[in-house]
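Here is the structure we will look at, set down as structure tokens.
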Amino acid sequence: MSSGLASFHSTPDREAAEQLAARLAEGGLHATVVENSPVFDVTFTAGLERDFHVMLPREEFDRAGRLLEQDAERDAWTLPADHYLHGFSNEELLEVLQKPDEWAPPDRVMAHRLLRQRGMDLEQRDLERMRLERLAELARPEKARASLIIAGMAMVLFGGVVGMAIGYSLANASKTLPDGRRVTRYTAEDRRVGRYIMVAGALFTLATLAIMFTGWPLW
């Protein structure tokens, strides 16, 4: 990833990523496309990825989202009668607006239009409140899987370096919010456990190396 930039949108389609970056650049934003090669994550929370990321400075995320919504709003097309949004209940359409990070700008705009047609006209401050609530929900640290913590502890004994890597991931893993902010992924308690595992792994590794190269007895 480029320094100082964060992933605003990712897609396996290079052309789609380049088109989006070009549109954002037209709007005065500093967009670029970066190919993300497969990366192994020892916590298995990210997995293997090979995507094209549209990168932006984090402070431009909100502006980029609004620009794309304005583009969608200007489109005069109407939804075909068999479009899936027509089958959404009011609660499901509201969820589209509450989770803008999970839906494309045209979907968000059309969900708003459908709600208006059904007599539910949301003001801009209502949409902003829902988005802030969504960001607060996404920002909450999550509880690490017990199996991951157990694996980290076990690897301290059976492979200090691997245990150290798992501990580091637990202590330092982060996630990027839709507005570009990076926050810690795991709870304070899990991060503390991760630091303990990391230190224990380092000590065990040093002890193993000392035994191997100096011939010190185990006890």
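The values are calculated or read from the model by the stated rules, or taken from the named source; none is laboratory data. Everything quoted here is computed from the prediction, not taken from an experiment. Cβ sites come from the backbone with ideal geometry, for glycine too, and all protein chains shown count toward neighbours. Accessible surface areas use protein heavy atoms only, side chains included; no ligands, DNA or RNA. Shrake-Rupley method; radii C 1.70, N 1.55, O 1.52, S 1.80 Å.
Of note:
- Among Gln70, Gln98, Gln117: highest mean-square fluctuation, GNM of the chain, C-alpha pairs under 10 Å: Gln117
- With Cα atoms, 0 to 90° folded angle of helix 105-117 axis to the chain main axis: 50 degrees
- Using the Cβ-Cβ distance between Ser10 and Asp71 with R0 set to 25 Å, the FRET efficiency works out to roughly 0.80.
- Size of electric dipole in segment 97-219: Cβ of Lys, Arg +1 and of Asp, Glu -1, about Cα centre, debye, nearest 20: 80 debye
- Selected from Arg74, Arg66, Arg113 as most flexible by GNM, with the chain as the system and alpha-carbon contacts under 10 Å: Arg74
- Segment 107-125 and segment 147-219: distance between their alpha carbon centers, rounded to Å: 48 Å
- Whole-number percent relative contact order across segment 92-198, with pairs defined as alpha carbons under 8 Å at least 6 apart: 23 percent
- The gain in end-to-end length when the Leu203 to His30 segment is fully stretched comes to 57.8 nm, 0.36 nm per residue minus the alpha carbon separation.
- For segment 98-177, the per residue solvent-accessible surface stands at 55 Å², with DNA, RNA and ligands left out and a 1.4 Å probe.
- Estimated 222 nm signal from helices in the chain, with DSSP H stretches of n ≥ 4 weighted -39500 (n - 2.57), rounded to 500: -17500 deg cm²/dmol
- Radius 11 Å from Cβ of Leu85, net charge of other residues (Lys, Arg +1; Asp, Glu -1): -1
- Average Cα contact separation per residue, the chain, under 8 Å, 6 or more apart, as relative contact order %: 16 percent
- Rounded to the nearest 20 debye, the dipole magnitude of the chain is 980 debye, with +1 charges on Lys and Arg beta carbons, -1 on Asp and Glu beta carbons, and the Cα centre as origin.
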